[in-house]
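Before any comments, here is the structure.
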Amino acid sequence: MAEEKLNQARIAIPTDDGSTVLPIALHTEVRQSFLEYAMSVIVARALPDVRDGLKPVHRRILYAMSESGLTPTKPHKKSAWTVGEVIGKYHPHGDQAVYDTMVRMAQDFAMSVPLIDGHGNFGSVDGDSPAAMRYTESRLQKVAMELLRDLEKETVDFGPNYDDSLTEPTVLPARFPNLLVNGSAGIAVGMATNIPPHNLGEVINATIMLIENPEATIEELMTVLPGPDFPTAGSIMGREGIVSAYETGRGSITIRGKAHIEQTSTGRTRIIVTEIPYQVNKSKLLVKIAELAKDKKLTEISDMRDESDRKGMRIVIELKQNAIPQVVLNKLYKHTQLQQGFGVIMLALVDGVPQVLTLREVLQNYVAHQQEIIRRRTEFDLRKARERAHLLEGYVIALDNIDEVIKVIRESYDDAKPRLIKRFGLSEIQADAILEMRLRRLQGLEREKIETELAELREKIAYFEKVLGDEALVLQIIKDELTEIRDKFAVKRRTDISGAARDLDVEDLIAEEDMVVTITKAGYVKRLPVATYRQQKRGGKGIAGVKLKDNDFVENLFIASTHDYVLFFSTKGKVYRLKVHELPVGSRHARGTAVVNLLPFETNERIAAVINTKDFPEEENLLFATTGGMVKKTNLKAYSRVHAGGIIAISLKDNDELISVRRVQEGQHVIMVSTAGKAVLFEESQARPMGRDTRGVKGMTVKDEEYVLGMEIAPQECQLFVVTERGYGKRTCLSEYPVHRRGGQGVKTIVMTEKKGLLTGMKIVDDTHELMLISEEGVVIRVKTRDISLLKRATQGVKVMNVADDDRLSAIARVSATKKKVTKGKADDDQDSLLDEEGDEEGDLLVEDSEAEEYVQSSETDDDGSET
């Protein structure tokens, strides 16, 4: 309150030296001073005018050079002289700031259309500094004269310079839309502008389209002006950012440098970068790449050099022998400025007020400016034409009455002018012109010239008057003059616009290659490149694969791409997902990493099943089975989004566990086997599709003390193998099992006796398979399925493995010993490798190959491509 009263009173306080002090509140003075400073920066320094696209310093440089005669037809002049002219007459700021602006206006890698013709070192795309202003020379480019054209015809307003000694234009006529063509960047107080450069021809085409169709939409304008065109070329990734910038005045554009891959004579590959994004310093880019290689983030690079010359840019990146060029290129895009964003803010001054403008608004303001230029130019030309015609009309009157005019002049002492005015009705201007006319103008030829010129002037006057009275004619003049500039100065587009750029994730930086993935019964997982297992002749011993703990064996083994997904289904009904490249890489001898170190398993949670897949097609289904006899069929697509903590794959009752997950196709049969020695076979259609977080339906009825051992897809040409805990087992053709409805107890698949013990395992097999049986004490045996008796359904079976009295059979695994032709790129059909015959007890892994074809001892891959 006291401050307000003080400000209102404004009472001057006298001082001892005779001056006075005006009291004012401090915050009021600070606010007022800051606002004045802010507006000065906004209006007079940092932001371009929408009409000519220039900031004051650019405008003053061009005007000073034009006034000094540094036109394209004149010799270059020292840049220091020009800088002195600018700061001495129009721009009272530092000389270096003016020179830096001059330098940028001369750089063809900074300006789409350079406005100054520089002679000497004006910097480079490497970030080299320009030579000092005393060494370089400059003059205006031809295209810059189009910005200054008609300036002498009073087309724009002039204002006083900083000391009122001279005048300068407040805006240039700008006969082409320079704001869009060369863009602009600046930081004011509380606001900033960043307008990208565009192609001159395309901008003019868009301007003409808007003149012809004032209701043209952004989409229509983009048919002729598809987007920015950067002087350093490159590629714009996607149109979304461009559309946003044009429609709202703000947007983000992703620019990517151009590179291609070459093959060397030695068989290696190299990446050749020929274009880099706008405003990227090439030297800093090279340093960054070198740092990444040194820090082991780009281990594929063996050498790098810059072979750029006057013909163009050429950065050569040599790659190591086994490097994949596209992966390296993706890493360069992610970690370096070879790809970067350009934030568009189309902020400019409109009538001295900063505004964020759309593309239409920028072009509309420019067209309105040109209408004003044409109007003022025409008014100037009309006035000059009328003045000249008026003068010539006086000449004609004098020539028509030449004898009398001479007589009046001879008879006059000092009053010839008023006597001529009175006698012939002349104006003062005409009378003065007649009195100053030379005698040679009295020739007949001169009279003819005067009459011809007068006739031409009268035609021009009529045309000028027509222009001023016809807005459509003004617009046509603008179109014609823009077309002339386009035909004279336009160049081809340099920056292409390609598909939308997506964010590069880790997968883009990882080479896609086939991996052998092994998962053991105890939950150890690892991956190795397929090439790890070298080819051998038939009968080879193989190579040691994985050294396992006692009582452990490889339960799941498949070949998958590093970009494939692996779904881990746990006994608690949850599903976890990893990419193959996220699995740990192990040596041939390592058993791998415990899955509990990779996935957030709970106590007593184990792997129940593993499914690998490239994608999640809607036409594929998964079939689940639990120890309690429940089954559920769910679309694979339901498991396409799995967060790090896992999601529920199937809802389980208390004391129930998930035991099996299989891919299932329409028309297939499913068999379930219980510890009671019974099996039920039913069609997959009996289980209707259900959601992810559901319990399912009854697949097999089991008593309280019994549980389901397993569930398999059951091709009719195969057999069901079952084995008891005392080592008795048998094979039975699946055709022996009647097809029932789901939910029953099933039919006998083996006659149970106390001597043979409870049923402990089941597998679907054929004659090409072999079986690995392991006991609780770690005893392992490998048998061929064709050596196991093929018996009827309700029989006791035969001894498959001798089990000690204090031991029990705990698990079985199925392996294949068939000869397969392995075709590259068909990992789903040929998921190769398993156990070395001489290394069964150690769980050794191998792939054996013959001279003509590969002999693969592989982990069983079901016909539907699922896990073993």
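The values are calculated or read from the model by the stated rules, or taken from the named source; none is laboratory data. Since the model is a prediction, treat every value here as computed from it, not as a measurement. Positions of Cβ are backbone-derived with ideal geometry, glycine not excepted, and every protein chain shown enters the neighbour counts. For the accessible areas, the whole protein counts, side chains as well, though only heavy atoms, and no ligand, DNA or RNA atoms are used. Shrake-Rupley method; radii C 1.70, N 1.55, O 1.52, S 1.80 Å.
Within the chain, what percent of beta bridges assigned by DSSP are antiparallel, to the nearest 5? Restricted to the chain, the bridges split so that about 95 percent are antiparallel.
The residues Cys733, Cys718, sorted by heavy-atom accessible surface at 1.4 Å with ligands and nucleic acids left out, run Cys733, Cys718 from largest to smallest.
The C-alpha atoms of the chain define a longest principal axis, and helix 325-335 lies at about 60 degrees to it.
A compact globular protein would have a Cα radius of gyration near 2.2 N^0.38 Å; the ratio found for region 597-710 is 1.07.
Across region 590-596, computed HN-Hα scalar couplings (Karplus, 6.51 cos²θ - 1.76 cosθ + 1.60, θ = phi - 60°) run 6, 7, x, 10, 4, 5, 5 Hz from first to last residue, x flagging Gly and Pro.
Between 0 and 90 degrees, the angle of helix 444-469 with respect to the longest Cα principal axis of the chain falls at about 50 degrees.
In this rough spin-label picture, where each label sits 7 Å from Cα along the Cβ direction, the Asn604-Lys284 distance is 6.0 nm. Backbone geometry of region 237-244 corresponds, through the Karplus equation with coefficients 6.51, -1.76 and 1.60 at θ = phi - 60°, to 3J(HN,Hα) couplings of 8, x, 9, 4, x, 5, 4, 4 Hz, x marking Gly and Pro. Less than 5 angstrom separates the built amide H of Ile647 from those of Val575, all sequence-distant by 5 or more or on a different chain.
Rolling a 1.4 Å probe over the protein chains gives Leu349 an accessible area of about 10 Å². Solvent exposure of Leu652, expressed as accessible area, is near 40 Å², computed with a probe of 1.4 Å over the protein chains only.
Residue order by solvent-accessible surface for Lys460, Lys488 is Lys488, Lys460, largest first, with ligands and nucleic acids left out and a 1.4 Å probe.
For the chain, the solvent-accessible area with a 1.4 angstrom probe is 48 square angstrom per residue. Karplus-derived 3J(HN,Hα) values for region 693-708, using 6.51 cos²θ - 1.76 cosθ + 1.60 with θ = phi - 60°, are 8, 10, 8, x, 10, 6, x, 8, 8, 10, 6, 4, 8, 10, 7, 7 Hz; glycine and proline are entered as x. Model label sites at Val189 and Lys488, defined 7 Å from Cα along the beta-carbon direction, differ in position by 4.1 nm.
Taking all protein chains together and a 1.4 Å probe, the residues Ser66, Ser561 rank Ser66, Ser561 from largest to smallest accessible area. Counting only heavy atoms of the protein chains and using a 1.4 Å probe, Leu709 has close to 40 Å² of accessible surface. Residues whose amide H lies under 5 Å from that of Glu275, counting only those 5 or more places away or on a different chain, are Lys258; hydrogens are built 1.01 Å from N in the peptide plane.
Okay, helix-only estimate at 222 nm for the chain: each DSSP H run of n ≥ 4 adds -39500 (n - 2.57), divide by all residues, round to 500 deg cm²/dmol; what do you get?
-8500 deg cm²/dmol
Only protein atoms count toward the accessible area here, which uses a 1.4 Å probe; on the chain, the carbon and sulfur part of that area reaches 48 percent. The Cα atoms of the chain define a convex hull whose projected area, averaged across directions, is 63.8 nm². Close amide H contacts of Gly586 (hydrogens built in the peptide plane, cut-off under 5 Å, sequence separation of 5 or more or a different chain): Arg527. Once the Cα atoms are used to define both axes, helix 200-212 deviates from the longest principal axis of the chain by about 80 degrees.
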